[in-house]
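Down below is the structure, laid out as structure tokens.
Computed from the coordinates by the stated procedures, all read-outs in this text should not be read as laboratory data. Keep in mind that what you see is a predicted model, and the values were worked out from it rather than measured. We place every Cβ from the backbone using ideal geometry, glycine too, and count neighbours over all the protein chains shown.
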């Protein structure tokens, strides 16, 4: 009985999306460090911010997953990921990122780009976070699809 419950929970698409989104986005957050200015030099603070940002990325991934699931009328849409579904998943992350970067970098100044960050003129949004949301969602779908099929 307990094994069946564990198997059912482990096969939930949301759990797999969250788990692999955490892994992929944590690596991305660490690798993009040179493109941002940290507010502290304390390693504990820097690690906490990477984890904090990664958890936000997981939430964005789950929200994008549910957005596509709502439109596709299936939580298993990733098992047959059409171009339209993948595009919606990517567009959700890219759209949120543009909104978030404008709000948090330009308006609220909660974080800042280093001189290494290429930015899109006129909206001053960093290209590295956009590349994150163009590359990770399709990779996430590929991994979760393989994991659950």
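Of note:
- On Cα atoms only, tilt of 13-31 relative to the major axis of the chain in degrees: 30 degrees
- Using C-alpha pairs under 8 Å with a sequence gap of at least 6, the mean separation divided by the residue count of the chain gives a relative contact order of 32 percent.
- At 1.567 mPa s and 4 °C, Stokes diffusion of the range 1-104 via Kirkwood alpha-carbon radius, µm² per second: 84 µm²/s
- Ranked 146, 50, criterion: other C-beta atoms within 10 Å, fewest first: 146, 50
- Calculated [222 nm] ellipticity per residue, helices only, for the chain: -23000 deg cm²/dmol; basis is -39500 (n - 2.57) per DSSP H run with n ≥ 4, divided by all residues, nearest 500.
- Anisotropy class assigned to the range 59-147 is prolate, per the alpha carbon gyration tensor with a/c at or over the 1.5 cut-off and a/b larger than b/c.
- On Cα atoms only, tilt of 127-148 relative to the major axis of the chain in degrees: 20 degrees
- Each residue, residue 35 and residue 108, gets one label point 7 Å from its Cα in the Cβ direction; the gap between the two is 2.0 nm.
- Crossing angle, helix 83-101 versus the chain [Cα axis fit, 0-90 degrees, rounded to tens]: 30 degrees
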